[in-house]
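Data first, discussion second: the structure below is written as C-alpha cells.
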Amino acid sequence: MEITAAMVKELRERTQAGMMDCKKALVECKGDMEKAIEYLREKGLAANAKKAGRIAAEGMVDSYIHMGGKIGVLLEVNCETDFVANTDAFKALCHDLALQIAASNPLFVSKEEVPQENLNKEREILRVQALNEGKPEKIVDRMVEGRIEKYYKEVCLLEQPFVKNPDITVQTLVNETALASGEKISVRRFTRYERGEGIEKKVSDLAGEIEAMTKKD
C-alpha cells in the first residue's frame, strides 16, 4: 500500500510522534492507521496518543521582550484546563517558547503550515544549488529532500533545536510538558516583532558629511 503524505500527517497529528517515525510505523503496519498508533505507543513514541482527540481550548497568551525592547514576541499556547494553564510548568513552557521565537525567528509553527508555494520555490533553489555544485543528476532530488528537512528546522518552531538544550527539538519539549501535565498541549500561533524591521534605514556617512561641509567653506 502506498504511504501518502496525508497519512503521515494524520498519524503525526494523532500521536505527536516524529514524521519519520510515523512513516516507518505506517510502512510496518501496511497503512493501517490504528495499528500504526499502537506500534508507536509500544515503541514509546506516542506518549500523547490518547490525548490527541481532546480539545485544547484553554491556555494563555504570553509575551516576551528581549534586548531592551529590540525584539518582542506574542505567543498563544493551548491546553485543556485552567488548572494546567496556571501551573508553573506550563508558564515556563510558554516563556521558553517565546524565548525560542525571539532567538531563532521561525516563520511557522509546524511543517504543515509551510505553504506549498514556499516549498516549491525552496526546492527549485536547492536543486539549482546542487547542480551548480556538480552533483550527479540522479542524486540531486534525494539531496534536495534532505536539505528541505534542514529548511524545516530553520523556519518551523516545532522542528527547531531547543535553544536551552539543542539535543532536543521544541516539539519534544512540548511533548514532555504535555506528558507531565496529563493534558494535550498545542502551540497555536505567534507573532514576532523586531524594532525597525521592514523600514528602510538611512545610512549615515559621517566622513562624507564632514567633507561636504568643508568644501562649502
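The values are calculated or read from the model by the stated rules, or taken from the named source; none is laboratory data. Just so you know, these numbers come straight off a predicted model, no measurement behind them. When we count neighbours, we look across all protein chains shown, and the Cβ atoms used for this are built from the backbone with ideal geometry, even at glycine.
Just a few scattered comments:
- One residue stands out in segment 128-177 among those that are among the β-branched types (Val, Ile, Thr) and free of Cβ contacts under 8 Å to residues at least 40 places away in the same chain: the one that is farthest from residue 113 (Cα to Cα), namely 139.
- Residue match in segment 34-49 (condition: modelled with pLDDT of 75 or more and in contact with a strand residue (DSSP E or B) (Cβ under 9 Å, 6 or more places away or on another chain)): no
- Screening residue 78 with (1) among the polar types (S, T, N, Q); (2) assigned to a helix (DSSP H, G or I); (3) surrounded by 15 or more Cβ atoms within 10 Å (Cβ to Cβ) gives one miss only, at (2).
Conditions (1) more than 30 Å from residue 76 (Cβ to Cβ); (2) modelled with pLDDT under 85; (3) assigned to a helix (DSSP H, G or I), marked per residue:
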position	(1), (2), (3)
117	no, no, yes
123	yes, no, yes
138	yes, yes, yes
148	no, no, yes
171	no, no, yes
177	no, no, yes
191	no, no, no
196	no, yes, no
209	yes, yes, yes
